[in-house]
Structures are given as C-alpha cells and as structure tokens.
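Report on the structure given below.
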Amino acid sequence: MRKIIASIDMGSNSLKLVVGEFMRNKLNILAVSECISEGIQKGYVTDPKLVMESLKEVFSRAEDVIGMPVRKVIATVPSQDANFQISEGMTSITNSEHIVKSNDIIRAMQASSYNKIPENEELAALIPAGFKINEEETLSNPLNVPAEKLSVKTVLVTVPKRNVHPLIDCIEKIGVNVIDIALSSLGDYFCLKNETTKEKTGAFINLGKDTTTISIFHKGILLNTAVLELGGQNIDNDLAFVYKINKKEAKAIKDNLCLAHNRLSSPSNTIELTNQLGEKIKINQYEASSIASSRLEEILKLAKKQINHLTKKEIHYIMITGGLTEMKDFSLLIEEIFGHQVKIASTPYIGARNNKYGASVGLIKYYENKLRLRNKDFSIYSLEEQEELSGIGHKINFSENSVLGKLFGYFFDN
C-alpha cells in the first residue's frame, strides 16, 4: 500500500497545501499548491464564505498537478491560547504473548488523556515523552517488547474549540475530510528535525503575516508556545504610513525592494510611484530597508525575550522559519540579534524549497511518525484510487495542466 499524505497550513497570508508520499522511509513531494487566503486573520476565520472559496482554489490547483482530487487532509490550527499539561497513562498487557502491540500503545496514550481535556478545549496533540515497561525500563517505542504493564508520560496540547471548529467546518463543507489537526510548530519541528534537535533544548520562531509564533522543544517534545501579534503585515503598514501608499504597493516594496538589513542596501536603487495624495515620489532601497529592518528587529528582539519567559532550560539552538526569512540579507539581521546560535531554516525537500511550505511538509512527517508508533498504514487514496494514480489497467484522466499528464502525453502520445 502506498503511503500518501496531504496537509494544509491555514495561514493568514496564504493557504499552503502539500501532498507527499513516503517511499523507503523518505518523503517525496508529489504536489505543492498555494493561494492567497481570504477570510482569515491571525489564524482565525473571519469570513467563512471567503475561506471556502480560497480552499476550493488551493485544492483545485493540487488536483491539476496530481490528476486526482485530495479529499483527506491534516490541518494546522491557531496556536493562540494553547494549553500544555504533563500526564501519565497505563494499561495492562492482556494478549496471550504478553508483548506490547499497537493497541496497547494506543490504550496507554488514551488513558493519559482521560478526563484531562476541558469541555471547551480540543486536543491538538498527544505527544509521548517516554514509555515504561513494567514501571522500570524506559523506551521511546515499546512495540513488540515483552511486558505485563505499559505506562506512558505524555504532553497534552489543547486549544480552544472556538479556534478550531470554524476552520474544520470550512474544509469539510467543501468535501474534504480533516483526518488530524496540529499546531504549525510541530510541522516546523518535524520538517527540520536533526540530531541536535532530537537531543537538545531549543526554540523555533515562525515569522508569519500578522503573528510570530515562538515554540520550545526539549528532545523533540513540544513544551510550550507563545504568539506575538506582530508579523510581516506590520512592515507593510509602516511602509504604507511613511510613504502614504496603499497596502498592496507597500507589500510589493517589501517583497521587491527592501533588504532585511540596510548594511548592503543602496540609496541609488529606487522606484517611482504616485502616492495617495497624488504626489510622485521616489523610494530608495536604503530608506525602505531601514524601515523594514527596524520593525523586523523589534519582532525578533521580542521573540528572543519571549524564549526566556517560556523556559528556564538552557537553549542550545534557535531555528527561524516562515515567509519573512526569504527576505534578502535576513541572515545579517539575525546574527546581529542572536549571534551564531541561530540558524535560518531551509526546507530540504525538492518541490517545496521555500520556507513558507515548512509547516505543511513537516505535518506530513509528523503524521507519518504517529502512524509508525501505532504500527498503522494510511493513505489519502484507497487501493483503487492508487491504481488509478499509477495508471494500472486504464488510461488516467489527467488535466492538460497536470505535470503527470504532460509526462504521459510526452511518452505515450508522441
């Protein structure tokens, strides 16, 4: 059975849908789709109709690439007001072999969450921090280990239902089933996981459109998170105010003219436009970059301060991700603020290199990790659909814009 999984990052700036397949334990990107998100602000649904129109567009674009509709997806939910609690669960091993099976792992983890989730909260993650066999030996994965009892320590992450249900409703109303939800921080971590992040304590900073999310991980376990109500949109607002231009023009200046640090910016690099007062103005790179850099510096310094509030543990690494990290000379600014301890994330998957896809890619890996722990197989496509996707037995009905359709046309129609 092929293991094909899809995830969507519901950002305020854009929706990012990624479809990936695991082959020989390696993730291959099958499709990436993006469109501007309408009706979402700071991760919350403000206009369901606009959200559904955006969702239809992003899923349609993915279908054009794959040649088949995506009807099952993992979705990100807002991190605001997330609650974290440590819990424990235990189960007896009652099968005749007295070895731990996947159902035993599931029962122990479910026991850790029993009566622990408030009525107005939704479980966004149930993260195992370690299993114990017979209350003695500690393991990360106890599957097939002889035991009489299995206990587990978990981190329960819950978020308010009011933050989650409107997003899920919008997705399901367009005919897509939400198979799991998660904080985007978990996607960031699993996308960039390495030997250091698995063994040390560190922080992830995600710079979004109108929020910045700071998350603390200890040996791969999400311990805490916080959200600053600041992001790329604040740079747009600053540029719009200073130059008396509209937000669309300000965003274009940020994306195409500004550098994240003014050290290498040039006063002679300019653009001309007419502002809202009807005046013709000339904007140079040095001045615009100084405005952008000043706001970025404020956001990053607040994020750095927030890390100290979230944990007393020694921080061994800081990873920064999100769309703003794609700004030129971003590395100059973060080195000035954080020193050499920080690293700009780089999404290491062909087909999804831009950091804006990091959370979506990581959520696919996060979900696959959950499947492995539970010894489960899953694909968003049934066996019949997988045969159709592979072209077994009949001609595939690819759209003319489909990448696979173009390849099949090249090889078989010529």
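Structure values in brief
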item: Flag for SER293 being over 20 Å from ASP210 (Cβ atoms) and among the polar types (S, T, N, Q); result: no
item: Residue that is modelled with the lowest pLDDT [pool: residues in region 82-106 that are charged (D, E, K, R) and within 13 Å of LEU143 (Cβ to Cβ)]; result: GLU97
item: Residues satisfying the stated conditions in region 263-301, i.e. exposed (fewer than 15 other Cβ atoms within 10 Å of the Cβ) and within 30 Å of GLY220 (Cα to Cα); result: GLU298, LYS301
item: Region 327-368, subset charged (D, E, K, R) and outside any helix (DSSP H, G or I), residue nearest to ILE36 (Cα to Cα); result: ARG353
item: Residue within region 229-243 that is closer than 21 Å to GLN80 by Cβ, charged (D, E, K, R) and surrounded by fewer than 21 Cβ atoms within 10 Å (Cβ to Cβ) present; result: yes
item: Test for ASN246: is it surrounded by fewer than 20 Cβ atoms within 10 Å (Cβ to Cβ), within 30 Å of PRO128 (Cβ to Cβ), of a type in the set (S, T, N, Q) and under 31 Å from the mean Cα position of the chain (by Cα); result: no
item: Test for LEU150: is it in a loop (DSSP other than H, G, I, E, B), more than 30 Å from ILE315 (Cβ to Cβ), more than 16 Å from the chain's Cα centre (by Cα) and hydrophobic (A, V, I, L, M, F, W, C); result: no
item: Looking only at region 308-325, and only at residues there that are surrounded by fewer than 16 Cβ atoms within 10 Å (Cβ to Cβ) and touching a residue at least 12 places away in the same chain (Cβ under 8 Å), the one that is farthest from SER289 (Cα to Cα); result: LYS313
item: Meets criteria (under 30 Å from LYS3 (Cβ atoms), in a helix (DSSP H, G or I) and in contact (Cβ under 8 Å) with a residue 24 or more places away in the chain) for LEU302; result: no
item: Tabulated pairs, region 137-155, first at positive phi, second among the basic types (Lys, Arg) and modelled with pLDDT of 95 or more, C-beta under 6 angstrom, 6+ apart or interchain; result: none
item: From LEU15, LEU50, residue being without any contact (Cβ under 8 Å) to a residue 60 or more places away in the chain, under 20 Å from HIS165 (Cα atoms) and part of a strand (DSSP E or B); result: LEU15
item: Subset of region 326-343 (residues that are within 23 Å of the chain's Cα centre (by Cα), surrounded by fewer than 17 Cβ atoms within 10 Å (Cβ to Cβ) and modelled with pLDDT of 90 or more); result: LYS328, SER331
item: Selection count, region 195-213, where residues are farther than 15 Å from VAL77 by Cα and part of a strand (DSSP E or B); result: 6
item: Pair list, Cβ < 7 Å and 6+ apart or interchain, from region 212-233 residues that are over 21 Å from ILE127 (Cα atoms) to residues that are of a type in the set (Ser, Thr, Tyr); result: LEU228/THR211; LEU228/THR212; GLU229/THR211; LEU230/THR212; GLY231/THR211; GLY231/THR212
item: Selection within region 77-94 - surrounded by fewer than 17 Cβ atoms within 10 Å (Cβ to Cβ) and either among the aliphatic types (A, V, I, L, M) or under 15 Å from ASN134 (Cα atoms) (or both); result: ILE86, GLU88, MET90, SER92, THR94
item: Odd one out for PHE59, checked against (1) closer than 28 Å to ARG374 by Cβ; (2) surrounded by fewer than 15 Cβ atoms within 10 Å (Cβ to Cβ); (3) not aliphatic (A, V, I, L, M); result: (2)
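Quick grid of which residues meet (1) in a strand (DSSP E or B); (2) modelled with pLDDT of 95 or more; (3) buried (at least 16 other Cβ atoms within 10 Å of the Cβ):
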site: GLU135; (1), (2), (3): no, no, no
site: ASN144; (1), (2), (3): no, no, no
site: ASN163; (1), (2), (3): no, no, yes
site: GLU172; (1), (2), (3): no, yes, no
site: CYS191; (1), (2), (3): no, no, yes
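The values are calculated or read from the model by the stated rules, or taken from the named source; none is laboratory data. All figures in this text were calculated on a predicted structure; none of them were measured in a lab. Note: ideal-geometry Cβ built from the backbone for every residue, glycine included; neighbour counts use all protein chains shown.
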